[in-house]
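Nothing in this text is a laboratory measurement; each read-out follows from the coordinates by a stated rule. Since the structure is predicted, the reported quantities are computational estimates derived from the model, not experimental observations. Positions of Cβ are generated from backbone atoms using ideal geometry, with glycine treated the same way; all protein chains shown enter the neighbour counts.
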Amino acid sequence: MPQWTKSYVRWVEALNYRVGRFAMYLLFIIMGILLWSSITKFIRVPSLWTLEMAQFTLVAYYLLGAPYTFQLGTNVRMDLLYSRLRPRTQALWDAFTVFALIFYLGVMLYGAVGSTVYSFETGERNPTAWRPVLWPIKTVICLSFVLMILQSFVHLLRDIAILRGEEL
Amino acid sequence: MPYEWIATLMFSTMLLMMITGQRVFGAIGFVAVVAAISLWGTGGSDMGFSSIMKLMKWTPLLTLPMFVFMGYVMSESRLAEDLYKMFHVWFGPLPGGLAVGTILLMVMISVMNGLSVAGMAIGATIALPELARRGYDKQLISGVIQAGSSLGILIPPSVVMVLFSLIARAPVNQLWLAGIMPGLLMASMFMIYVVFRAWLNPALAPRMTAEERAEITWAERLLLLRAGLLPVLIFAAMMVPFIKGWASLTEASVIGAVTSVMAAVIKRRFSWKVFETATRSTLAITVMFMLIIMAAMSFGAVFDGLGAGRAIEDFFLRDLGLSAWQVLVLMQLSFLVMGMFLDDTAMLVIVAPIYVGLARQLGFDLVWYGILYTITCQIAYLTPPFGYNLFLMRAMAPSDYTLPVIYRSALPFVGIMLVTLIVVGLFPQIALWLPNMVLGL
């Protein structure tokens, strides 16, 4: 495989690994926020921001963490037939069907960008008591889909490498 | 092209895409966005994105990572080991005693956790080696663990019911209470079946020898009962604040997660390795669930936009002219068939909205219908060729548990679940009397 594919794979994997490991710990931020929320309820001054903040963090948690789980290979496949194929045949299948995945992620990104631009232009806020601005979380969503698409190309390159009998 | 054809086309393309072995969420999402764009042009491209925003507002989803985390803390720190020992000592003399103990362990896990994965992980790491060491039959072991862990979604707390309540707009607390009696009924039928099998053929489940029993003193037995306190404590820590209204559902699940960590720390079983594995696995499972739900919501939205719900309603009620009960039976049958192929979250988001609407129109009680739905999900976990527990079992058990063994092992338990489904279907009171009594409806 050409040199640029090697550096691409190395860079993207390293980036997504770091982002994913960071996202992994957001779980405890969610816990903290919700615990704080019960405490404030208990002392009878419930905070307004906790629930929405927890929702935002959950979105960031699973979307930023997603590329890392691609690396871990933990997204289920219907592998009744797939698991019986030889690695080369698996790679061949994947090299085609990964484009379906990339297309889906691309459409998601397209929708996300459109909505983020709208948020920036209008200063969109959540229609709740706390009224948080929505652009930060939407930017995070856009970023996550970019990372997922980058990671999907890593898998494509790997499959091509397997088909050529090489290792990436 | 008529809409029914588009709907059928979407469904079959999705199944085809899944068979290729691409990630499930990718397969569902791809079909959804292609259909949306070809039907509604660029306007359809926002459909996928809006499902993220919709999901964000589904607050009860926050319980999902909490329950997953809690399950992993319990299985990784081997917190349930003492509990298992307790059941082992107390039920050892019974034919198939250890298998009965395993089912009871699963009931306890279900009381603490709202997913099936936790039970599978604990069953495979703690119960399986012990059962195998005692010479229990492989098929019996595999069946007991798979069936037992599926109780996690029927006995409260239950994440599947949380998701159902979002779609049906039925109160979660009623659903949870309604799951208790059917769950216990099912668990006792499992146990009766195991004892009966072991009594017919003792080779399947060698009993504890008399010498071994004599070695255990009564003081030891009583001491082991303390292990039973753990599930009671965790359950109380979660449920009391929730039912008293001090904490919301999501906050209660956080309290549960924190309590289980504290229990592990107190028992000196909490290490960096436990923490790292639990945190990483929680991310992996949560992402897997969320991405599937996200894709399935887009799919469901397109389906909805096609008026597939209307079409199915018309088909059942007008074209076939069926009575309410006949429709109900047909719905459950089709759910069972779909459950063989689809994953339960996908089923929930794609099909449930249509069926729930239909059940409401027919005048059925949605809480009761939620229980029927949950039992059907349990069956879906265990029915070949595609089932969560089947695959988890294959992934977690030693390699001599081959897929054919696992498939065969699930069948008798699927039969028992079907019986429970029919019994609860015929006698709605089994599910409904508890919530009615507690909440005074």
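Each 10 Å bin from zero up to the one holding the largest Cα-Cα distance in chain B carries the following percent of pairs: 4, 21, 31, 26, 13, 4, 1, 0.
Computed over segment B:315-356, the Cα gyration tensor eigenvalues convert (square root of 5λ each) into semi-axes of 21, 11, 8 Å, ordered from largest to smallest.
Taking every residue in B:175-188 and counting other chain Cβ atoms within 10 Å of its Cβ, the average works out to 0. Across peptide A:81-88, the average count of Cβ atoms from other chains found within 10 Å of a residue's Cβ is 2. Percent of Cα pairs in segment B:1-148 per distance bin of 10 Å, from zero to the largest separation: 10, 26, 21, 19, 16, 7, 1. By the Kirkwood approach, averaging reciprocal distances over each pair of separate Cα atoms, segment B:148-207 gets a hydrodynamic radius of 13.1 Å. Short to long, the 5 Å bins of the Cα pair-distance histogram for segment B:95-148 hold 4, 22, 37, 22, 10, 4, 0 percent of all pairs.
For segment B:163-253, the alpha-carbon radius of gyration amounts to 1.63 times the rule-of-thumb value 2.2 N^0.38 Å expected for a compact globular protein. Share of Cα-Cα pairs in segment A:66-168 beyond 22 Å, in percent? I get 45 percent for the Cα pairs in segment A:66-168 exceeding 22 Å.
Secondary-structure-derived ellipticity at 222 nm for chain B, considering helices only, amounts to -24500 deg cm²/dmol, per-run term -39500 (n - 2.57) for DSSP H runs with n ≥ 4.
Estimated from helices alone, the mean residue ellipticity of chain A at 222 nm is -27000 deg cm²/dmol (sum of -39500 (n - 2.57) over DSSP H runs with n ≥ 4, per residue).
Qualifying trypsin sites (Lys or Arg not before Pro) in segment A:1-85, where qualification requires a DSSP coil assignment and no more than 13 other C-beta atoms within 10 Å, comprise A:Arg44, A:Arg84. When the alpha carbon gyration tensor of the protein assembly as shown is reduced to an equivalent ellipsoid, its three semi-axes come out at 38, 28, 27 angstrom, largest first. Assuming R0 = 60 Å, what is the FRET efficiency of B:Glu215 and B:Thr13, from their Cβ-Cβ distance, to the nearest 0.05? According to the calculation, E is roughly 0.45. Listed values for segment B:175-188 are Karplus-derived 3J(HN,Hα) couplings in whole Hz (6.51 cos²θ - 1.76 cosθ + 1.60, θ = phi - 60°), namely 4, 4, 4, 5, x, 5, 5, x, x, 5, 4, 5, 4, 5, and x replaces Gly and Pro.
Taking every lysine pair in the protein assembly as shown that is 8 or more places apart or spans two chains, those with Cα atoms closer than 16 Å amount to 4.
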